[in-house]
Amino acid sequence: MRPKDLSSRISEWFQGSGPGADIVISSRIRLARNLAGYEFLPCLTQQRKRQILRTLKEAILGIDLGESVFYVDVDGVPALEQELLVERHLISRQHAMGKGPRGVVIAASESFTAMINEEDHLRIQAFQTGLQLRPCWERINHIDNLIEQKVEFAFHPDYGYLTACPTNLGTGIRVSVMLHLPALKMAGQIDKFLQAARDADLTVRGLFGEGTEAVGDFYQLSNQVTLGVREEDIVNQFNDVIVPKIVEYEHLARRKLLDKQLDALDDKIQRALGVLGNARLISSQEALFLLSHIRLGVNLNRIQGLSIRTINELFMLTQPAHLQMNQGEPLDADRRDATRAGIIRSRLCRN
């Protein structure tokens with residue numbers, strides 16, 4: 001399988017199902033690991049990078065993940081295929097833009113990936129749709145143990161797993177959820193959410209991770225502290241306290257919109273439908289912005305005949321690399337905007 005084979009379908013974890021999926025799009029847990037006896041990535045020679053790539057690739061492909069997997073030579077595929085993997089959250093932008101030997105092992109369901117030679121020698125990720133952090137943790141912990149039976153990771157008795165960035169030192173764990181918070185944004189309360197997250201030592205990023213803005217009212221919320229705390233405690237805190245509280249605030253904001261600002265809410269939703277149903281040119285950012293309003297309208301039963309899955313598909317399949325891959329040729333910005341508008345019009349009319 002190659003990255004282009006993924007371009008016409010939606011990722012399983014982005015289907016819009018699972019617990020709390022009206023607000024919690026997906027759950028992800030990532031572990032950062034480095035091989036013992038090797039320098040961190042910036043200090044490695046090309047030969048040492050190749051050794052790490054070969055060692056980790058063989059180790060991961062040699063374990064039973066419970067489903068079929070495939071390997072992508074990130075250094076060897078075209079830039080458009082790299083960008084497609086970024087858009088599907090299977091690799092980071094840093095991994096795509098890196099230099100030298102690097103690759104990724106991907107589960108057929110896209111619920112697991114293992115990036116080799118990203119910032120650390122190895123970064124493994126597990127995804128689930130909706131709020132399902134515990135299943136993510138159980139799976140990634142099991143896989144981590146299987147890999148560690150084949151290789152030795154750099155570990156210090158006082159500092160835990162050693163990582164290239166000090167912020168990952170200790171457990172090396174990043175617990176994150178992707179949230180859709182349009183009502184908090186409409187109610188003017190999103191800044192309070194962002195400040196509360198910072199006060200709680202949490203990181204908030206956009207749809208495509210570090211350095212990206214929260215376009216389309218999507219926010220990735222993750223932990224910052226990894227040293228001196230147990231992995232299970234971080235997972236439980238997110239799953240049982242932090243995320244449910246944010247979901248409660250978003251639900252409250254949605255109820256207030258329905259009770260006190262129904263005309264304004266419906267106006268936003270219907271304007272979004274009108275623009276997307278008739279536009280001949282539309283950019284990625286505008287499409288995400290307007291689709292966010294429609295997704296809220298579907299969840300609040302202000303729109304009939306559209307499914308969350310359809311809206312989520314449009315979020316993903318109208319991204320630049322997906323558009324070009326499915327068209328079978330590179331497209332300049334204007335042609336991408338025209339193609340995107342045509343796809344959205346077609347899907348909205350069909351549903």
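Only the coordinates and a few stated rules stand behind these numbers; no lab work does. All figures in this text were calculated on a predicted structure; none of them were measured in a lab. FYI the Cβ positions are ideal-geometry reconstructions off the backbone, even for glycines, and counts take in every protein chain you see.
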**OP:** Please determine, in degrees from 0 to 90 and to the nearest 10, the orientation of helix 262-278 with respect to the longest principal axis defined by the Cα atoms of the chain, where the helix direction is its Cα long axis.
**Re:** 80 degrees
Subject >> Lys, Arg +1 and Asp, Glu -1 on Cβ, resulting dipole of the chain about Cα centre, debye, nearest 20 >> reply: 760 debye
Original post:
Expressed in nm to one decimal, what extension gain is obtained for the pair E152 and R9 from 0.36 nm per residue of sequence separation less their Cα-Cα distance?
Top reply: 47.8 nm
Original post:
How many lysine pairs are close in the chain, with Cα atoms under 19 Å apart and the two 8 or more places apart or on different chains?
Top reply: 14
Subject >> Part-to-part distance (alpha-carbon centres) for the stretch 225-266 and the stretch 123-196, which is given in Å >> reply: 17 Å
Subject >> Rounded tilt (10° steps) of 133-148 against the dominant C-alpha axis of the chain >> reply: 20 degrees
Original post:
By how many degrees, between 0 and 90 and to the nearest 10, does the Cα long axis of helix 333-350 differ from the longest principal axis of the chain?
Top reply: 60 degrees
Subject >> Two-site label geometry, D332 and H251: point separation in nm, points 7 Å out along Cα→Cβ >> reply: 5.1 nm
Subject >> Net charge, F112 excluded, C-beta distance under 9 Å - Lys, Arg +1, Asp, Glu -1 >> reply: -1
Original post:
Is the shape of the stretch 177-335 rounded, prolate or oblate, going by the alpha carbon gyration tensor and its root eigenvalues a ≥ b ≥ c, with a/c under 1.5 for rounded and a/b larger than b/c for prolate?
Top reply: oblate
Subject >> Within the stretch 262-350: Cβ-based charge dipole about Cα centre, in debye rounded to nearest 20 (Lys, Arg +1; Asp, Glu -1) >> reply: 240 debye
**OP:** Taking amide H positions as placed in the peptide plane 1.01 Å from N, state which residues far from I91 in sequence (5 or more) or on other chains have amide H under 5 Å from it.
**Re:** V86
**OP:** Provide Y159, Y249 in ascending order of the number of other Cβ atoms located within 10 Å of each residue's Cβ, fewest first.
**Re:** Y159, Y249
Subject >> Per-pair calculated FRET efficiency, R0 = 35 Å: E39 and Q285 via Cβ, rounded to 0.05 >> reply: 0.30
Subject >> Nonlocal amide H pairs with F155, under 5 Å, H built at 1.01 Å >> reply: L162
**OP:** Between the alpha-carbon centers of the stretch 63-91 and the stretch 17-31, tell me the distance in whole angstrom.
**Re:** 21 Å
Original post:
Looking at V151, N239, G170, which one has the Cα that reaches farthest to the positive end of the dipole of the stretch 137-288 (charges on Cβ: Lys, Arg +1; Asp, Glu -1)?
Top reply: N239
Subject >> HN-Hα J in Hz across the stretch 94-104 - Karplus 6.51, -1.76, 1.60, θ = phi - 60°, x for Gly and Pro >> reply: 4, 5, 5, 8, x, 10, x, x, 6, x, 8
